[in-house]
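Reading through the structure tokens given below for one structure.
The values are calculated or read from the model by the stated rules, or taken from the named source; none is laboratory data. All values derive from a computational prediction rather than experimental measurement. Because the Cβ atoms are built from the backbone with ideal geometry, glycine has one as well, and the counts that use them run over all protein chains shown. Keep in mind that these areas ignore ligands, DNA and RNA; they rest on the heavy atoms of the full protein, side chains included. Shrake-Rupley method; radii C 1.70, N 1.55, O 1.52, S 1.80 Å.
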Amino acid sequence: LIKTNKMAKKEFPEIKKKNEGKFTAWVEKNMPGKSTCSAASKVMKNSKKYKPSVVKMANYAKNFGCNNK
């Protein structure tokens, strides 16, 4: 029997066209000079300070856009 890893088959969650670039725009407006990834880290470290919608965008950016290899 061959076991398959369920995570390996999971597809990349797509962003709806209308939501593309929202977090980057938020970062440029609210944290000028910061990269998107460093802003996402900052938001996630102090998530109670930010709106839930911003926290969700930052979490997505950290999980799927900011791959530190």
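Considered as a group, the residues in region 10-32 that are open to solvent by 90 Å² or more (accessible area, probe 1.4 Å) and not acidic (Asp, Glu) include one that is modelled with the lowest pLDDT, and that residue is Lys10. Pairing residues of region 42-66 that are closer than 19 Å to Ile15 by Cα with residues that are open to solvent by less than 70 Å² (accessible area, probe 1.4 Å) and of a type in the set (Phe, Trp, Tyr), at Cβ distances under 6 Å and at least 6 apart in sequence or on separate chains, gives Met57/Phe23; Ala61/Phe23.
With respect to the conditions (1) surrounded by 10 or more Cβ atoms within 10 Å (Cβ to Cβ); (2) assigned to a helix (DSSP H, G or I), Lys48 lacks only one, and its number is (1).
Among the residues making up region 51-64, a single one is loosely packed, with under 15 Cβ neighbours inside 10 Å and small (Gly, Ala, Ser): Ser53. For first residues located in region 1-24 and assigned to a loop (DSSP other than H, G, I, E, B), partners that are at pLDDT 55 or above and lie 6+ apart or on another chain with Cβ distances below 7 Å form the pairs Phe12/Phe64.
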